[in-house]
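For reference, the structure is listed below as structure tokens.
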Amino acid sequence: MRRFLSSRQAWLAQRSLGIGASDAAAVLGVSPWHSPLSLFYTKRGEAPENQGQEFARRLGLELEDPIARLWSGETKRNFLRPAPGFFWLDQHATKPYMLASIDGECAHTPDDSRLTDVLEIKTAAISKASIWQDEPPIDYIVQVQHQLAVTGKQFATIAALIGGVQLRYADIERDDEFIAMLEAACEEFWRRVELNDPPPPDGSDATREFLKKLYPTAKPSSVELPPEAIEWDQQRERVKAEIKALEAIEQECENQIKAAIGENAQGTLRNGIVYTLKETHRASYTVKETTYRTLRRVAPKGEKKPAAAKPLAERDLGAEFQAASAAEAADTDEPWA
């Protein structure tokens, strides 16, 4: 079911009553902006106001029409957008708390007159270009899969303007296996919202920053922590000790490389990796004037980085999706144009 809302205020009010497509990545724990905990308090209406990204949001809305026209001109595919000042809000046929406000509908091919696909429009700073290099970021892939789940459509197109100078776009096919997992996660999350049962804090930056805003000051009181906090404390201390030991190993390796480079400006490994050890001059007007050398690693193009250590409390859904998307990317996603 689709609603046509004639004001941003009405649209925001309706979106707060469910899980929108841009919320889906947070539900799965793969959003750079929200964590399950911060999204929970936002949906409960108890989160601190965040005006920091207001200009970026307004700019993104203003640029949606010109980006859609640029994409259409390059692909020769027709599209339809909501009328100026209006918003579309779709609702899942059987899960009313799953909502989607799509940016438009578009044809699947240049020869198709039917507007069968979802059109999602994005803007990104030029500093984020590398994130969009091979495919859209994972949180946007989750977003359009949520839109496909709600609308029942088979395909979505993401068109992104990067730094105002690069237009990139990709077609994303509906993934019913992933959608089933997403719908289950949304059902569980919304049950928590209705029961006022917050999800546990995770290790994300989004949760850390949210907790700073939620509890900005301290009261002159003490609270007895729950029994499981003993395990949190013990695990924290173990991890701190492991980090300290690993940092010592890292420092030893750096010292060995610096000693091997000696008075030279750089050293080259037989596998093509280059380490530079050049002088860095710090001006006297910032701190006391000083000169020091900085070790930097320059890897050859295409080098595969070693897998990062898993976070202490990695969410299963996020891990499952990342593994599934990596295995199926070649079959489900078109390459960036």
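Every number in this text was worked out from the coordinates using simple rules, so none of it is lab data. No experiment lies behind these values; they were computed from the predicted model shown. Every residue, glycine among them, receives a Cβ derived from its backbone with ideal geometry; neighbour counts consider all protein chains shown.
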Report summary line: Highest GNM mean-square fluctuation among Arg69, Arg192, Arg238, for the chain with Cα springs under 10 Å, belongs to Arg238
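Looking at the range 43-194 from every direction and averaging, what is the projected area of its Cα convex hull in nm²?
On the way: hull surface 41.1 nm².
The Cα convex hull of the range 43-194, projected and averaged over all directions, gives 10.3 nm².
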**Report entry** Convex hull volume per residue in cubic angstrom - Cα atoms of the range 229-298
**Finding:** 150 Å³
Query - 5 angstrom amide H check on Gln266, placed H, neighbours 5+ away - result: Leu277
Report summary line: Toy charge model, Lys and Arg Cβ at +1, Asp and Glu Cβ at -1: the range 229-298 dipole around Cα centroid in debye, rounded to 20, equals 320 debye
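How big is the convex hull of the Cα atoms of the chain, per residue, in Å³?
Residue-normalised Cα hull volume stands at 214 Å³.
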Query raised in the report: Hey, what angle do you get for helix 176-195 against the long axis of the chain, alpha-carbon based, 0 to 90 degrees rounded to 10?
Result: 90 degrees
Query raised in the report: What are the ³J(HN,Hα) values, in whole Hz, obtained from phi via the Karplus relation 6.51 cos²θ - 1.76 cosθ + 1.60 with θ = phi - 60°, for each residue of the range 248-256 in sequence order, with x given for Gly and Pro?
Result: 5, 5, 4, 5, 4, 4, 4, 4, 5
Query raised in the report: Taking the Cα atoms only, what angle lies between the long axis of helix 138-151 and the longest principal axis of the chain, rounded to 10 degrees?
Result: 10 degrees
Report summary line: Under 5 Å from the placed amide H of His108, counting only residues 5+ away or on other chains, we find Thr116, Asp117
Query raised in the report: Relative to the longest principal Cα axis of the chain, at what angle does helix 54-75 sit, 0 to 90 degrees, rounded to 10?
Result: 70 degrees
Query raised in the report: In percent, how large is the relative contact order of the range 229-298, given Cα pairs closer than 8 Å and 6 or more residues apart?
Result: 21 percent
Query raised in the report: When the Cα centres of the range 115-143 and the range 168-245 are compared, how far apart do they sit, in Å?
Result: 25 Å
Report summary line: When Lys212, Lys95 are ranked with the fewest other C-beta atoms within 10 Å first, the list becomes Lys212, Lys95
Query raised in the report: Which ³J(HN,Hα) values in Hz, rounded to whole numbers, follow from the phi angles of the range 102-112 under the Karplus curve 6.51 cos²θ - 1.76 cosθ + 1.60, where θ = phi - 60° and Gly and Pro get x?
Result: 7, 6, x, 10, 9, 6, 7, 9, x, 8, 8
Query raised in the report: Which whole-number percentage describes the relative contact order of the chain, with Cα contacts under 8 Å and a sequence gap of 6 or more?
Result: 18 percent
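Taking other Cβ within 10 Å of each residue's Cβ, how do Thr109, Thr294, Thr276 sort, fewest first?
On the way: Thr109 12, Thr294 9, Thr276 15.
Going from least to most buried by this count: Thr294, Thr109, Thr276.
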